[in-house]
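Working notes, structure below.
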Amino acid sequence: MSELISSTPVWKSLTEHAHGASRVHLRDLFAADDARWRQFHLEADGWLFDYSRQRVNAAILGDLLRLATSVQLQERIAAMFRGDAINVTEGRAVLHTALRSGFAGSPEIQKEVLESRAALDSFVASVRDGVQRGFTGGAFKHIVNIGIGGSDLGPLLVCDALRHQWSGGITPHFVSNVDRTQLQDLTRQLDPAETLIIVCSKTFTTQETQTNARAARDWIASRLGEAAVPRHFVAVSTNAAAMDAFGIAPERRFTMWDWVGGRYSVWSAVGLVAEMVLGSQVFKDFLDGAARMDRHFIDAPLERNLPVLMGLIGVWNRSFLNLPTLAVLPYDQRLARLPAYLQQLDMESNGKSVTLDGERVSYPTAPVVWGEPGSNAQHSFFQMLHQGTPTAALDFIAPLRNSWGDVLAQDLALSNCFAQAQAFAFGLNADEVVASMRAAKVSEADIARLTPHRVHEGNRPNSVLLYAQTDARALGSLLALYEHMVFVQGCIWGINSFDQFGVELGKKLAAGISMSGERAPTGPGSAALAELIAYVRRRR
Ligand code: F6P
């Protein structure tokens, strides 16, 4: 067993710093050094990362960087890009970077990636040019992507975020939920003759996807005839036998590799629906944006490395300041689905409590990641963030102009974003509350009664991440940035960021539950479960 990182001197030093930090307000840090911004911001690769409102100082940052060195972070990064089997519990390489960066993985892998990309580009062109048509001869105008988790969230985010870059007249739709509502909504609205369905599932065994895919198959077969099925279905999977059984035509299968994890797969054929809607050039820009971030991650020294700094600050907030959640707040409607995407990326990767050696960690790992577009969130849950009992860390993400190039509208968004960053950091103390009420001629009795309700404690650490505009390159770069941030944190915590055994138990139990009541539940708590099932049956 190797030593837990929490027993190292640098971790202990950071723990000491955290005790000190608990007595220091961000107001104090700025009062001591109003030029903090100069020291605590980084401009790199089209991004401005302002972390001056994080509760760090030079000594803390120095220790965090020493922490990164102590886990040989740069060697770990190199090992990932080389294609070493760093996913130790599954004995796999982790090479999603090879899907976008020509320098990752072996020459053989690069060759396979290029071949796969050429096949995808040519299929995309044939659909967009109307060479590939539906069974009755009409061009495809709608694409339904059936997938869940990484086979849904990535392509959905890319389509949504780059809506202003759609071309070719194809509208994407997404079906993920096992309750079939999304599919039933679509089959009421779409013409099957102009609909292409992508069954996107690395394993091709996922219950939700299989159920929806079979229902979609029935829809096509019942409306256009069984012979239409091969023309209206495409699959993205590694499971050839299951695609055979489903009836996917061999020339309409796009493969992936076991070195691409589901939540890291948007760069692969999993992104097919997005490429269809955006065209291959825009999708290539998306890949290029990520490749540039890969290069930065490899080349930049740790103290000027964006994913490294973000990762270290996240470790500080989670493991030392004990902040349980990270709120992701994009000030751009285009990034509305980013929090959901990052939830899977971060929590499925680092939601672990044992180290690579199987030893239980003694410190908190992944935060709960959540969020909404900032503008809307201000009018819902920001109240709790400002004055509630839990304290969250906050990532503000904002472009300089909106996706249609509108600067004036984005100025409103940015002024709100910056105002919130200030308010969370500095709050409003009792003296300020009293002074403002006195200025408004509020009675002394009311001032005494209302002051506690109006105080904002502040000291909520936050970062602001700015970039020019949401486009394919920026989006690729942003997603790669968070991927690498998660990687850095996994390295520091000593956990495997690339397996997901925690999702298996529920799947297995669901398969054993008979809602028809044919089989009685077994195992712990089966009597209570039997009551739930009986209630459902009684009330239907
Ligand atoms: O259940 C979790 C998970 O395995 C994710 O990791 C993955 O993204 C998702 O299910 C979908 O898996 P598949 O692409 O194999 O259908």
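The values are calculated or read from the model by the stated rules, or taken from the named source; none is laboratory data. In this text the structure is predicted, and so the values were computed from the model without any measurement. Cβ atoms come from the backbone with ideal geometry, glycine included; neighbour counts cover every protein chain shown.
For the reader, a short list of remarks on this structure follows.
- Any hit, the range 453-465, residues being in contact (Cβ under 8 Å) with a residue 40 or more places away in the chain, surrounded by 15 or more Cβ atoms within 10 Å (Cβ to Cβ) and closer than 27 Å to residue 100 by Cα: yes
Here's the yes/no breakdown for (1) among the aromatic types (Phe, Trp, Tyr); (2) modelled with pLDDT of 95 or more; (3) under 30 Å from residue 39 (Cα atoms); (4) part of a loop (DSSP other than H, G, I, E, B):
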{"site": "398", "(1), (2), (3), (4)": "no, yes, yes, no"}
{"site": "404", "(1), (2), (3), (4)": "yes, yes, no, yes"}
{"site": "411", "(1), (2), (3), (4)": "no, yes, yes, no"}
{"site": "414", "(1), (2), (3), (4)": "no, yes, yes, no"}
{"site": "420", "(1), (2), (3), (4)": "no, yes, yes, no"}
{"site": "425", "(1), (2), (3), (4)": "no, yes, yes, no"}
{"site": "442", "(1), (2), (3), (4)": "no, yes, no, yes"}
{"site": "448", "(1), (2), (3), (4)": "no, yes, no, no"}
{"site": "459", "(1), (2), (3), (4)": "no, yes, yes, yes"}
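- Residue 157 within 16 Å of the ligand (Cβ to nearest atom), surrounded by 15 or more Cβ atoms within 10 Å (Cβ to Cβ) and part of a helix (DSSP H, G or I): yes
- Subset of the range 84-127 [within 23 Å of the chain's Cα centre (by Cα), polar (S, T, N, Q) and surrounded by fewer than 18 Cβ atoms within 10 Å (Cβ to Cβ)]: 89
- Selection from the range 227-274 of residues that are among the charged types (D, E, K, R), under 19 Å from residue 143 (Cα atoms) and modelled with pLDDT of 95 or more: 231, 252, 253
- Search result, residues across the range 135-152 that are near the ligand (Cβ under 10 Å from one of its atoms) and either outside any helix (DSSP H, G or I) or in contact with a Phe, Trp or Tyr (Cβ under 8 Å, 6 or more places away or on another chain) (or both): 146, 147, 148, 150, 152
- Qualifying residue in the range 126-134 (condition: touching a residue at least 60 places away in the same chain (Cβ under 8 Å), among the hydrophobic types (A, V, I, L, M, F, W, C) and assigned to a helix (DSSP H, G or I)): yes
- Residue match in the range 382-397 (condition: surrounded by 17 or more Cβ atoms within 10 Å (Cβ to Cβ), touching a residue at least 24 places away in the same chain (Cβ under 8 Å) and touching an Asp or Glu at 6+ places or on another chain (Cβ under 7 Å)): no
- The range 183-223: number of residues that are without any contact (Cβ under 8 Å) to a residue 24 or more places away in the chain and among the polar types (S, T, N, Q): 4
- Residue check for residue 204: part of a loop (DSSP other than H, G, I, E, B), within 16 Å of the ligand (Cβ to nearest atom), surrounded by 16 or more Cβ atoms within 10 Å (Cβ to Cβ) and not hydroxyl-bearing (Ser, Thr, Tyr): yes
- Residue 252 vs. criteria over 22 Å from residue 126 (Cα atoms), surrounded by 14 or more Cβ atoms within 10 Å (Cβ to Cβ) and basic (Lys, Arg): no
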